[in-house]
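Right, one structure below, let's go through it.
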C-alpha cells in the first residue's frame, strides 16, 4: 500500500483496516491539496476510533492543507458525526476562548 492508497482508505475505512495499514511514513503524507489522512477521516469517516488510531499513530493534528484548513475544519464542514468534532477538539487541545489572529 502506498501513501495515496492510505489517504483514500481513511475516508471510509474501518478501524482495523486503518490500524493494520498505519505507518509513520504515511500518517502525515499529503495529497496534492495538502490533505492528510486525518483530514480525510475527519471529513467523511463517522467512526471516532479511526480518528483516535491516526492521532495515536503520530499524525499532526494541527497540519494545514491549502487554504489553511485543518482536520477540525473538514469535520465541521462535512462530517455528520458531532463525536468526531468533539474528539478533535479534545485531542487537539484547541483554545476556543482566544480571538483569531
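The values are calculated or read from the model by the stated rules, or taken from the named source; none is laboratory data. Note that this is a predicted model, so its numbers are computed, not measured. Neighbour counts are summed over all protein chains in view; Cβ atoms, including those assigned to glycine, are modelled from backbone coordinates with ideal geometry.
Tally up the residues in the stretch 29-73 that are in a helix (DSSP H, G or I) and either within 22 Å of residue 1 (Cβ to Cβ) or in contact (Cβ under 8 Å) with a residue 60 or more places away in the chain (or both), please. Outline the logic, then answer.
Of the residues in the stretch 29-73, the ones in a helix (DSSP H, G or I) are 37-44, 48-56, 66-68, 71-73.
The next check asks that each one be either within 22 Å of residue 1 (Cβ to Cβ) or in contact (Cβ under 8 Å) with a residue 60 or more places away in the chain (or both); those that pass are 37-44, 49-56, 71.
Count: 17.
Out of curiosity, is residue 20 surrounded by fewer than 21 Cβ atoms within 10 Å (Cβ to Cβ), out of contact with any strand residue (DSSP E or B) (no Cβ under 6 Å at 6 or more places or on another chain) and modelled with pLDDT under 95?
Details: surrounded by fewer than 21 Cβ atoms within 10 Å (Cβ to Cβ): yes; out of contact with any strand residue (DSSP E or B) (no Cβ under 6 Å at 6 or more places or on another chain): yes; modelled with pLDDT under 95: yes.
Judged against the criteria, residue 20 is a match.
For the stretch 32-53, what are the residues that are surrounded by fewer than 16 Cβ atoms within 10 Å (Cβ to Cβ), within 13 Å of the chain's Cα centre (by Cα) and farther than 16 Å from residue 87 by Cβ?
The one that is surrounded by fewer than 16 Cβ atoms within 10 Å (Cβ to Cβ), within 13 Å of the chain's Cα centre (by Cα) and farther than 16 Å from residue 87 by Cβ: 34.
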